[in-house]
Amino acid sequence: MVDSRFFKVSGPFSLNELEEISGAKVGGDSENRTKMFADVAPLNAAGPGDVTFFEDIRYSPALAVSKAGACLIREEDAAKAPTGMVLLVTPQPLRAFARVANAFYPGGADGVGVHASAVVDASARIGEGCRIDAGAVVGAEAELGDRTLISANAVIGPGVVVGQDGFVGACASLAFCIIGERTYIHPGVRIGQDGFGFIPGRDGHLKVPQLGRVIIGDDVEIGANTTIDRGAASDTVIEDGTKIDNLVQIGHNVRLGKGCIVVAQVGISGSTTVGKGVMIGGQAGFAGHTKVGDGARIAAKTGVIRDIEPGAAVMGYPSVPVRQFFRQVVALAHLAKKKDA
């Protein structure tokens, strides 16, 4: 069950409210649409006052004996549910469950105000309902939108803008950047530091001034200890709805389109352009100045050294289409087998 020391539950919610929140429809004729539900829980731990979900047929035995009061479920799976369980029918149970869980556990700042040990410049503009925790620093002319939470020891540099309903985790640092609304920045993130720009020469490596910014859209999430360099001349841009995992490195002048997914330990070199809805697996690496088309899929550990067409699925180092990669694997296995023989 959810530990109440760390997560504060909202609600309860009636069946009617859950139907509206989830976008699902109550299956059959429910006798009491005002029945209240107090929490969410997995199939095997849920009780009569809990909401659960079923999406994977491997969990059919758990569904059959579940004590949950209500279950988000696909219409074709409804017959698997035990008698008496209220069914909320939807084609996407897990997605609907996420909406319900967010309603029960909305998060956000618990209390508002500025801690006595925080340092907030007199010229900074702080919106209504913000919270600034112990040891945090907010620089000159910085702006925080309403209901934004700045966690302990985070640094918001001069002129930085963070939109409303934002979250900045402990010890994160933000500089030379403009951040949209409802962004979630995990602990230890670094945004807006110098890009890695040098001109090699016999007399030493000459540093190139990094005069751009980082522009981050709305509804973006950035995982712990990820780094996003500011642009050299133009900006580094992360568009709306993109989700970035932990320990990702994004170089200067990179552009990530709307709705991308970037998994842990990916490295994206400078001036790479990634289209909309691209999914990038863990530890993939990109050479600079490459272009990735909308909707491409890049497998884990892939080395991208050339442009990728929209909708392509690639893997390997250097990257090749997925089918070609597996043909190469099979061919290599045959060669090795012949040699052993």
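Laboratory data are not the source of any read-out in this text; all were calculated from the coordinates shown. Small disclaimer: the values here were computed from a predicted structure and weren't measured. Cβ atoms come from the backbone with ideal geometry, glycine included; neighbour counts cover every protein chain shown.
Among residues other than Pro12 whose Cβ falls under 15 Å from its Cβ, what is the net charge (Lys/Arg +1, Asp/Glu -1)?
Taking every Cβ under 15 Å from that of Pro12, the sum is -2.
Between Ala64, Val2, Thr90, whose Cα lies farthest towards the positive end of the dipole of the chain when Lys and Arg beta carbons carry +1 and Asp and Glu beta carbons carry -1, centred on the Cα centre?
Ala64
Given a cut-off of under 8 Å on Cα pairs at least six residues apart, what relative contact order in percent is computed for the chain?
7 percent.
Please work out the C-alpha center-to-center distance from region 291-326 to region 210-285 and express it in whole Å.
A separation of 17 Å, based on Cα centres.
Using amide H atoms built 1.01 Å from N in the peptide plane, name the residues 5+ places from Val137, or on other chains, whose amide H lies under 5 Å from its own.
Val119, Ala154, Val155, Ile156
Which percentage, to the nearest 5, of the DSSP beta bridges contained in the chain is antiparallel?
So the antiparallel bridges in the chain amount to around 10 percent.
With the dipole of the chain worked out from charges on the C-beta (+1 for Lys and Arg, -1 for Asp and Glu) around the Cα centre, which of Leu43, Ala116, Leu144 lies farthest toward the positive end?
Leu43
Find the relative contact order for region 299-341 and round it to a whole percent, using C-alpha pairs within less than 8 Å whose residues are 6+ positions apart.
Relative contact order for region 299-341 comes out at 29 percent.
Mean residue ellipticity at 222 nm from the helices of the chain, using -39,500 (n - 2.57) per DSSP H segment of n ≥ 4 over the full residue count, to the nearest 500 deg cm²/dmol?
Computed mean residue ellipticity for the chain: -4000 deg cm²/dmol.
DSSP loop GluC sites (Glu not before Pro) in region 62-167 with at most 15 other Cβ atoms within 10 Å of their Cβ, which ones?
Those that pass, being in a loop and sparsely packed, are Glu128, Glu141.
For region 164-173, just list the computed ³J(HN,Hα) in residue order, Karplus coefficients 6.51, -1.76 and 1.60, θ = phi - 60°, integers in Hz, with x standing in for Gly and Pro.
5, 6, x, 9, 10, x, 4, 6, 6, 9
I need the calculated FRET efficiency for the pair Val329 and Tyr105, taking r as the beta carbon distance and R₀ as 41 Å, to the nearest 0.05.
Efficiency at R0 = 41 Å is approximately 0.40.
Quick one: dipole size for the chain, taken about the Cα centre, charges +1 on Lys/Arg Cβ and -1 on Asp/Glu Cβ, in debye to the nearest 20.
Roughly 1500 debye, rounded to the nearest 20.
What's the extension gain from Ala300 to Asp3 if we count 0.36 nm per residue and subtract their Cα-Cα distance?
Using 0.36 nm per residue and subtracting the Cα-Cα distance, I get 103.6 nm.
List the residues whose amide H sits under 5 Å from the amide H of Arg131, counting only those 5 or more places along or on another chain, with H placed 1.01 Å from N in the peptide plane.
So Arg131 has HN proximity to Gly113, Thr148, Leu149, Ile150.
Note the full-extension length gain between Asp121 and Glu221 as 0.36 nm times their separation in residues minus their Cα-Cα distance, in nm to one decimal.
Length gained between Asp121 and Glu221: 33.3 nm.
Please list 3J(HN,Hα) in residue order for region 264-272, calculated via the Karplus relation 6.51 cos²θ - 1.76 cosθ + 1.60 where θ = phi - 60°; whole Hz, with x for glycine and proline.
Values per residue, Gly and Pro as x: 3, 6, 6, x, 10, 6, x, 6, 7 Hz.
Taking the beta-carbon count within 10 Å as an exposure proxy, list Phe37, Phe6 from fewest neighbours to most.
Ascending Cβ contact count within 10 Å gives the list Phe6, Phe37.
Can you sort Ile305, Ile57, Ile215 so the residue with the fewest Cβ neighbours within 10 Å comes first?
Lowest count first: Ile57, Ile305, Ile215.
In region 268-341, what trypsin sites (Lys or Arg not before Pro) fall in a loop by DSSP, with at most 12 other Cβ atoms inside 10 Å?
Those that pass, being in a loop and sparsely packed, are Arg306.
Whole-Hz Karplus ³J(HN,Hα) for region 247-263, in order, using 6.51 cos²θ - 1.76 cosθ + 1.60 and θ = phi - 60°, x for Gly and Pro?
The phi angles translate into 6, 9, 10, 10, x, 5, 6, 5, 10, 10, x, 5, x, 7, 10, 10, 8 Hz.
Which entries in the list Lys301/Lys337; Lys25/Lys67; Lys25/Lys291; Lys80/Lys258; Lys8/Lys243; Lys35/Lys258 go over 31 Å, if you measure between the two C-alpha atoms of each?
Lys25/Lys291; Lys80/Lys258; Lys35/Lys258
List the residues, sorted by chain then number, that are 5 or more residues from Val40 or on another chain and whose placed amide H is less than 5 Å from its amide H.
So Val40 has HN proximity to Val51.
Ranking request for peptides 162-169, 266-273, 315-322: highest mean number of other beta-carbon atoms within 10 Å first, then the rest in descending order.
Listed from highest to lowest mean packing, they are 162-169, 266-273, 315-322.
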